[in-house]
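One structure is given below, encoded as structure tokens.
The values are calculated or read from the model by the stated rules, or taken from the named source; none is laboratory data. Keep in mind that this is a model prediction, so the values were computed, not measured. So basically every Cβ, Gly included, is an ideal-geometry build from the backbone, and we count neighbours across all protein chains shown.
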Amino acid sequence: MIQLISVKDYEQMSEKASSIIIETMKENIGGLFCFAGGDTPVRTLEMLAEAHRAGQIDLHNYYYIELDEWVGLDQTNEGSCLSYLRRNLFEPAGVPEVNIHYFDSQADDLDKECKMANEYIERFGGITLSLLGVGVNGHIGFNEPGVDFTQKAHIVDLKPETITVGAKYFDEDVEISQGITLGMQQLLASDTVVLVANGASKKEAIQRLLDSEEPDRNWPVTAIKFHSNSFAVIEEQLLDGAV
Ligand code: F6R
């Protein structure tokens, strides 16, 4: 079952999440790690890079797969999910390119991109740990409300709210309507799942997770509650005394 961890603020959330990841890494050298982009995990990723530089962990000993990407976006765009990961983790820690698998979201054949991601995960026998954020509408990666939990990597028509909220990542106007994402099947099959959430906009999604009695396709985040080894590291203002 899920372990709910209440933290007082963003910094404490990041400390807790990074320490769970470091402990998991120490026990799984050579494992495959999947880290969400977006704003929530930024400090967690920075702390991992700091731990690498301090010699507490060697991030070069692991493999990484990108969780999701905006279809059609140039990956050098600062708002791309890959740019987030590069900026906050891979570059500061000097992780070799060969250790990273990512979607080419400008490829002509996006189905092939999905297939390659699926094969990469299969080669490792699954993901060791997934670090996930949650969308205001409860999405996980780009697994939007209504998703089929048995899906692997796939292309998604993004919900209007995801497109609206997504504008925060970009300095300029971008035309986005689709995403490419690992599927819930793969994320839920991770040995460990760490969900991080802070900020008032996530209140409803977290409330749904707390209240759910079974996974609810309309709030994909709820599925994490029923994972056998998951952690939800949540800012206390979102928990309202639930812990
Ligand atoms: C990004 C991703 C998304 C985000 C979610 C929350 O790679 O997978 O599901 O985790 O939209 O985004 P932030 O953290 O910016 O609030």
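Checked against the criteria, GLU204 does not count as away from the ligand (no atom under 13 Å from the Cβ) and either surrounded by 24 or more Cβ atoms within 10 Å (Cβ to Cβ) or in a loop (DSSP other than H, G, I, E, B) (or both). Checked against (1) surrounded by fewer than 19 Cβ atoms within 10 Å (Cβ to Cβ); (2) more than 20 Å from LYS26 (Cα to Cα); (3) of a type in the set (A, V, I, L, M, F, W, C), ILE100 passes all but condition (2). Could you please find all residues in the range 164-177 being more than 11 Å from the ligand (Cβ to nearest atom) and surrounded by 15 or more Cβ atoms within 10 Å (Cβ to Cβ)? Once the filter is applied, which keeps residues that are more than 11 Å from the ligand (Cβ to nearest atom) and surrounded by 15 or more Cβ atoms within 10 Å (Cβ to Cβ), the range 164-177 yields PHE170, VAL174, ILE176.
The sole residue among VAL156, VAL136 that is surrounded by 20 or more Cβ atoms within 10 Å (Cβ to Cβ), modelled with pLDDT of 95 or more and within 23 Å of LEU85 (Cβ to Cβ) is VAL156. Kindly evaluate VAL193 against the criterion of being closer than 30 Å to GLY125 by Cα, away from the ligand (no atom under 12 Å from the Cβ) and in contact (Cβ under 8 Å) with a residue 60 or more places away in the chain. Here the answer is yes, as VAL193 does meet what is asked.
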